[in-house]
Amino acid sequence: MTALHTVDTVIIGAGHAGLAVSRLLSEAGREHVVLDRGRVGERWRTARWDSLHLLSPNWLNRLPGRHIVGDPDAFLSSGEFVDLLEEYAASFEAPVLTGTTVTSLTTAPAGGYDVRTDHATWRARSVVVATGPHGLPVVPAAIGNTDVRVVTSDRYRSPGRLATGGVLVVGASASGVQIADELARSGRDVVLAVGRHSRVPRRYRGMDLFWWLEATGRLARTIDQVSDPVAARREPSLQLVGRSRADEVASEVDLPALQRLGVRLTGRLESLDGRTARFGDQLAAVTAGADRTMHGLLDSIDRYVDRVGLTREVLAPVRPKAVAVGVAPSRLDLRAERIRTVVLATGYRPDNDWVELPITQADGSFRQTRGVTDAPGVYVIGQRFQHRRDSGFIAGARHDAPAIVQHLTGGTVPTTGDGHAALAGEDSA
C-alpha cells in the first residue's frame, strides 16, 4: 500500500523557481516539501549541451535571499548554475526530496490535493507547480521517415557525440543558432533551416542587451500591457549566446555571424522524407521581418538614451548589418550533401497530462493569472510571460515567487490579465 504523508504545501520541481518559493515559505515558517524527479536543477544537468552558458549575465540572475557572487557581467555555464542552485538550496536547508517522480495531481477526498509519486502520496492544502515552461520537445510534422539520425536539442551534447559528416539544424532561435555556431566552429558543414526568430545584438552602444531591457522597463512589462498576450507568450527566444567581449570566440550568433563561419541558410523546413529535405521560400521575408523588429527595439533604446541624457555615457549607435540572403536552396539531397544528422531546435510543448485538475488549456498550457489558477490553492511559476516579460527568465522568480507566497499565505494578488499561460518555444520552424 502506498504511504500517505500530510504536509501544508507541496512544491513540484527543484529548479530555480521552485527553490525561490521554498526559500520564501521557509522564511514564513510554512511547512512544505519540494519534490523533483531527479536532482536539484535536473534539466540543467541532463537536458542541456555541454558548452551551454546562461544567456543572462550574473547581475540579472538574482533570487530571493541570494546576492550576486562573482563577476556580475559573466555568464555562468550550466554546470556552474547547477552548483549555484545546490548552494542556494543548502543555504536554507530546502526540504527537497530528489528522485521522486510525480505521477498525478488530483483533488483529495476531503479537500486539498493529492500529489501521487512513484514512492508515496502527499496530501496538501496547497500545491505549487514549478516544472518550468519546457515540457516535451516539438517534433515538426514535416519530419517523416528519414535515412539520417534526428536529435532534439535536449539530447544534443557536443559535435563529437554526433555522427561524422554534415548537420542540418532546424530552428534559428537561441538553441538553434548556438548549436549551429558550435558545429561550424568544430569544422562541420552546417545547414540552418530558418523559421521565425528574434534577432538582437549581444551588445548595443557598449552595454549588454539585458542592461537595456532592464533599464527601459521592457523586462518589467506585464502581460496586461501587451496587445496580444498569446503572441507575446509565443515569441521566439533571442538569438544570443552567453559570451563576454573578453572571450576569444565572437559574442554574436546571429545569421550574419553564422554565415561568416560558412553556415548555409535555407527557409523553413517543410518536409524531411527519406534522404530529401524540402524548404520554404520565405527566408528573405522572415529575415527582413526579424530585422525590422530588431531595429524597432534599437530605435526605442536610442530614444531612451536621448530622453534620460545618456548620450555622452554610451557609445555611438552602430546597427547590425542586414542578413544577405542570396538564393537559398528549396531542396537538399542529404546523402549527396553528406549530411548524416538533423538537430531539431524547434521548441517545446506543455507536458501536463499528470495534472488532473481543470486548470489547463486545450494545448496543455496552464490557465493562470500571476501564477494563481482556477483551483484554489494551486499555483504555477516559471511560465513564459506568466505576468512580467521576465517571468520565464531566472530573474523572474524574484518577482513571481513573492506574489505567489503572499497569496498562498493569506495575502492577495492582482487578478487582471487574460490568464492564458505560456507555450514555450525556441522557434516556429
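The values are calculated or read from the model by the stated rules, or taken from the named source; none is laboratory data. As the structure is a computational prediction, the values presented were derived from the model and not from experiment. Glycine gets a Cβ as well: all are built from the backbone with ideal geometry, and neighbour counts include every protein chain shown. Quick note on the areas: whole protein, heavy atoms, side chains included, nothing else; ligands and nucleic acids left out. Shrake-Rupley method; radii C 1.70, N 1.55, O 1.52, S 1.80 Å.
When the solvent-accessible area of the chain is split by element, carbon and sulfur atoms take up 49 percent of it, the probe being 1.4 Å. Kirkwood analysis of the chain, using all unique Cα-Cα pairs, places the hydrodynamic radius at 22.7 Å.
For the peptides 26-35, 371-380, the ranking by packing is 371-380, 26-35, with the highest mean count of neighbouring Cβ atoms within 10 Å listed first.
Among beta bridges from DSSP that stay inside the stretch 108-202, the antiparallel ones total about 50%. Note on the chain: helix-only mean residue ellipticity at 222 nm, from DSSP H runs of 4+ residues weighted -39500 (n - 2.57) and normalised by residue number, equals -7000 deg cm²/dmol. Structural descriptor for the stretch 124-247: relative contact order 23 percent, calculated from alpha carbon pairs under 8 angstrom and at least 6 residues apart. The three principal axes of the Cα atoms in the stretch 49-203 give end-to-end lengths of 59, 46, 28 Å, sorted in falling order. Ranking ILE11, ALA232, VAL191 by Cα position along the charge dipole of the chain, where only Lys, Arg, Asp and Glu carry charges on their C-beta atoms, puts VAL191 farthest toward the positive end.
Only one residue of GLY371, VAL151, PRO350 has its Cα farthest out toward the positive end of the dipole of the chain, where Lys and Arg carry +1 and Asp and Glu -1 on Cβ, and that residue is VAL151.
Peptides 256-262, 129-135, 193-199, 55-61 ranked from most to least packed, by the mean per-residue count of other Cβ atoms within 10 Å: 193-199, 129-135, 55-61, 256-262. For the chain, the relative contact order is 23 percent, taking Cα pairs closer than 8 Å that sit 6 or more residues apart in sequence and dividing their mean separation by the residue count. Full extension of the chain between ASP8 and ARG331 gives 110.5 nm of extra length, using 0.36 nm per residue less the Cα-Cα distance. Shape analysis of the stretch 265-391 based on the Cα gyration tensor places the equivalent ellipsoid semi-axes at 35, 33, 11 Å, largest first. Please check: in the Gaussian network model of the chain (C-alpha springs, under 10 Å), which one of ARG243, ARG389, ARG66 has the largest mean-square fluctuation. Residue with maximal mean-square fluctuation among ARG243, ARG389, ARG66: ARG66. Solvent-accessible surface (1.4 Å probe) assigned to ASP273 amounts to roughly 90 Å². Extension gain, GLU313 to ARG260, is 15.9 nm, computed as 0.36 nm per intervening residue step minus the present C-alpha separation. Taking the Cα centre of the chain as origin and assigning +1 to Lys and Arg Cβ atoms and -1 to Asp and Glu Cβ atoms, the resulting dipole is close to 800 debye.
Among VAL327, VAL169, VAL200, the residue with the largest mean-square fluctuation in a Gaussian network model of the chain, with springs joining Cα atoms closer than 10 Å, is VAL327. When the chain is treated as a Gaussian network with alpha carbon springs shorter than 10 Å, the biggest mean-square fluctuation among ALA141, ALA163, ALA401 belongs to ALA141. Sorted largest first, the spans of the alpha carbon positions of the stretch 60-120 along the three principal axes are 51, 21, 19 Å.
Magnitude of the charge dipole for the stretch 335-414, about its Cα centre and with charges confined to Cβ atoms of Lys, Arg (+1) and Asp, Glu (-1), is about 460 debye. Scattering from the C-alpha atoms of the stretch 178-323 alone, worked out with Debye: what is log10 I(q)/I(0) at q = 0.16, 0.19 1/Å? Listed by q, the Debye log ratios stand at -1.00, -1.28. Surface exposure of the chain, expressed per residue as accessible area with a 1.4 Å probe, stands at 43 Å².
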